[in-house]
Amino acid sequence: MLAVNRNKEDLKKLGIKIRELKTGRNITDKALSRLARIGTSQVWRILEGQVNPTYSTLKAIAEVLEVHPGVFFDL
């Protein structure tokens, strides 16, 4: 049970980090979705910490946000 809770915390932190980067670059959820070629509902679930995105999804988001994907793993 502890590992599940820790994973939920990590997913929330990931969503917060992406939201901060997105906001800092004035990118809307819809624009992030379009530019990263992922569904808007998927973007929302990632930002809310409800899903564990794949590396390829994180890489696509990182490219849009102009950051190295590693920033998502050092939370």
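Run the reach check for Lys12 against aspartates and glutamates, Cα to Cα strictly under 20 Å, same-chain hits fewer than 8 apart removed. What comes back?
Here the aspartates and glutamates satisfying the reach criterion relative to Lys12 are Glu20, Asp29, Glu48, Asp74.
How high is the relative contact order of the chain, in percent, counting Cα pairs under 8 Å that sit 6 or more residues apart?
37 percent.
Roll a 1.4 angstrom probe over the protein heavy atoms and tell me the percent of accessible area of the chain that is carbon or sulfur.
Working: 2620 of 5030 Å².
With neighbouring chains kept in place, the figure for the chain is 52 percent.
For Gln50 and Asn26, what does the FRET efficiency come to when R0 = 22 Å and r is the distance between their Cβ atoms, rounded to the nearest 0.05?
0.35
Sorted from largest to smallest, which semi-axis lengths in Å does the alpha carbon gyration tensor of the chain give for its equivalent ellipsoid, taking the root of 5 times each eigenvalue?
Values for the chain, descending: 20, 13, 11 Å.
At 222 nm, what helix-only mean residue ellipticity would the chain give, in deg cm²/dmol to the nearest 500, using -39500 (n - 2.57) for each DSSP H run of four or more?
Numbers: 4 runs with 50 residues, N = 75.
My calculation for the chain gives -21000 deg cm²/dmol from helical runs alone.
With every protein chain kept in place and ligands, DNA and RNA left out, what is the accessible area per residue of the chain? Probe 1.4 Å, answer in Å².
Spelled out: the 1.4 Å probe surface of the chain, per residue, equals 67 Å².
The values are calculated or read from the model by the stated rules, or taken from the named source; none is laboratory data. Everything quoted here is computed from the prediction, not taken from an experiment. Neighbour counts run over all protein chains shown; Cβ positions are idealised from the backbone, glycine included. Quick note on the areas: whole protein, heavy atoms, side chains included, nothing else; ligands and nucleic acids left out. Shrake-Rupley method; radii C 1.70, N 1.55, O 1.52, S 1.80 Å.
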